[in-house]
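What follows is calculated from the coordinates using simple rules that are stated; it is not laboratory data. Small disclaimer: the values here were computed from a predicted structure and weren't measured. In this analysis, Cβ positions are derived from the backbone assuming ideal geometry, glycine residues included, and neighbour counts consider all displayed protein chains.
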Amino acid sequence: MDIFADGTAAPETEPAGELPEVEAARTLPLAELHLHIEGTLQPELIFELAERNGLALPYSGLEELRALYEFSDLQSFLDLYYANMAVLQTEQDFADMTRAYLARAAAAGVRHAEIMMDPQAHLSRGVSLETCVNGVASALATSVEDFGMSTLLIAAFLRDLSEESALEVLDGLLAINAPIAAVGLDSAEVGNPPAKFERLFAKAREAGLRLTAHAGEEGPASYIIEALDVLGVERIDHGIRCMEDQDLVERLVDERIPLTVCPLSNVRLRAVDTLADHPLPAMLAAGLNVSVNSDDPAYFGGYVDDNFAQLQAVFELSEFDRSRLAANSIHSSFASEERKAELLDELNGG
Ligand code: ES4
Ligand code: ZN
C-alpha cells in the first residue's frame, strides 16, 4: 500500500470474489523512538555480566529474578530497573547490552533507533560518563554495517533528581563531546513536572540538541502542555493521558506532535488495566501522530514486534493502521530528511 508523506494512504480495492489473504503480517520497516537501553538488559545478560564482574546478585537465579517482574506502578518498576544496572560496570558491558538490543531490534523490523540512556543512574554508582557513553556509542557507531540500522543517542535526565544535577551532567556531556543528538526526561513523573527543567532544556536547545520528554504516562495531561510550552519539546514520550483533555488532543493533532506510545509498558505498569483498554485505537481515530515503541522491552514482555503482534491480536489493526504507525514513526524521528525519505520508500515497497 502506498502511504503518502502526510500519512494518508492510497485507496485499496479488493479483487471481487477472492478470499481475504490470511498470512502473517509483514514485518514493517520502522523507527523505534522510545527505548531505554538500560531497559533492554535481559535477565540472562544480568547474570552473565554479574559473573563477569564478580558481583553477587540478590537473586538465586533467573526464576527468582523473573518473579519480580510483576509491577504495580512506575515506581515499583524503576526500583528494579535501577537495582539491575549494578551489573553495568565497564565500557564492554554497555557495548554488549547495546549490541544485543540492536540484533533483536533488527529482527523486529527496526531500521532506525533513537536510544535513550540514563547517565545519572550510572554516575551515582561511580561509573563515569565516559564509560557509559563510550560503551553505548561504540556499539551504535557500527549499527549500520552490523545491523543495517541507523541509530542516534538521547541523553535522558532523571526528573526525580534536581535540575542542578541535570545541568551538571549536560555540561559534562558537552565537555566530552558526547555523540548525543537529543535530550529526554524520564523516571518518576508525578510530583516532578516538566517546568522543573526549564533551564536544562533551554541550555540543550542552545547546544543544538533535539528535545523530547516523558509526559502524560502517569502524570496528568497538564504535564504534556507544560512540556510543550515551557520546555519546548518537539516530541512527547507516552502522552496517553492527553485523551483526558479534548482541547489538548486537538492541539496535538493540529501541530502533528509525535507521541511515542508504548502499549505493553502501559499494561505492565498499570497505566491501563488490559491491552484491550489501551487508548491507541482511539488515538489513531482522533488523528494523533502516534507510533508504537517498546520502552523497556526486557521488563515489559516484548520488543516492538511483540507490541505490534499483541495489538494486532486484540484490536485487529488494519494494514492501513499498521502502515500509518510505521510511517508516523519515521516522520517523527530525528533522522535526516534523506534517511527518512529512504525509510519511507522502503515502507512503500520501493
Ligand atoms: C521508564 Cl516506562 C518509563 N517511564 C519513565 N521513566 C523510565 N525510565 C525507564 N523506563
Ligand atoms: Zn520511557
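A Förster radius of 35 Å, combined with the Cβ-Cβ distance separating E337 from E244, puts the computed FRET efficiency at roughly 0.55.
Its Cα gyration tensor gives the chain an equivalent ellipsoid, and the semi-axes of that ellipsoid, as √(5λ) in whole Å with the largest first, are 31, 23, 21. The mean sequence separation of alpha-carbon pairs under 8 Å and at least six residues apart, normalised by the residue count of the chain, gives a relative contact order of 20 percent.
Please order I37, I225, I46 by the number of other Cβ within 10 Å, starting at the fewest. Let's see the in-between values first.
Details: I37 26, I225 19, I46 23.
Ascending Cβ contact count within 10 Å gives the list I225, I46, I37.
Within 10 Å of each residue's Cβ, count the other Cβ atoms and sort S150, S165, S72 from fewest upward.
On the way: S150 20, S165 15, S72 10.
Taking fewest neighbouring Cβ atoms as first place, the list is S72, S165, S150.
If you average the alpha carbon positions of the stretch 41-108 and of the stretch 272-315, how far apart do those two centres end up, in angstrom? If we compute the Cα centre of each part, the gap is 23 Å. Just to verify a number: FRET efficiency for D277 and N177, C-beta to C-beta distance, R0 = 41 Å, to 0.05? Here the calculated transfer efficiency is 0.35. Angle check, please: helix 304-315 long axis (alpha carbons) against the longest principal axis of the chain (alpha carbons), in degrees 0 to 90, nearest 10. Once rounded, the angle reads 50 degrees. Put in order of Cβ neighbour count within 10 Å, fewest first, the listed residues H112, H122, H34 become H122, H112, H34.
Calculated from the alpha-carbon coordinates, the stretch 199-279 shows an Rg and a Dmax of 13.3, 42 Å respectively. In this label model, Q75 and F320 are separated by 4.4 nm, measuring between points 7 Å along each Cα→Cβ vector. Computed over the alpha carbons of the stretch 236-344, Rg followed by Dmax gives 13.5, 40 Å.
Please give the length that would be gained between T27 and D229 if that part of the chain were fully extended, namely 0.36 nm times their separation in residues minus their C-alpha to C-alpha distance (nm, one decimal). Please report the intermediate quantities before stating the final value.
On the way: separation 202, 0.36 × 202 = 72.72 nm, distance 3.66 nm.
Full extension of this stretch gives 69.1 nm more.
In a DSSP loop and with at most 10 other Cβ atoms within 10 Å, the GluC sites (Glu not before Pro) in the stretch 47-103 are E70. What is the stretch 296-350 by shape, rounded, prolate or oblate, if you read a ≥ b ≥ c off the alpha carbon gyration tensor as root eigenvalues and call it rounded for a/c under 1.5, prolate for a/b larger than b/c, and oblate otherwise? Since a/c reaches 1.5 but b/c is at least a/b, the shape of the stretch 296-350 is classed as oblate. In the chain, the longest principal axis of the Cα atoms and the axis of helix 163-175 are about 90 degrees apart.
Averaging the inverse of every distinct alpha carbon separation and then flipping it gives the Kirkwood radius. What is it for the stretch 142-236, in angstrom units?
Value: 13.8 Å, from the Cα pair sum.
Against the longest principal axis of the chain, how steep is helix 91-107, in degrees 0 to 90 to the nearest 10, with axes from Cα atoms? Computed tilt is about 10 degrees.
For the pair A83 and R52 in one chain, pulling the backbone fully straight at 0.36 nm per residue adds 9.4 nm over the alpha carbon distance.
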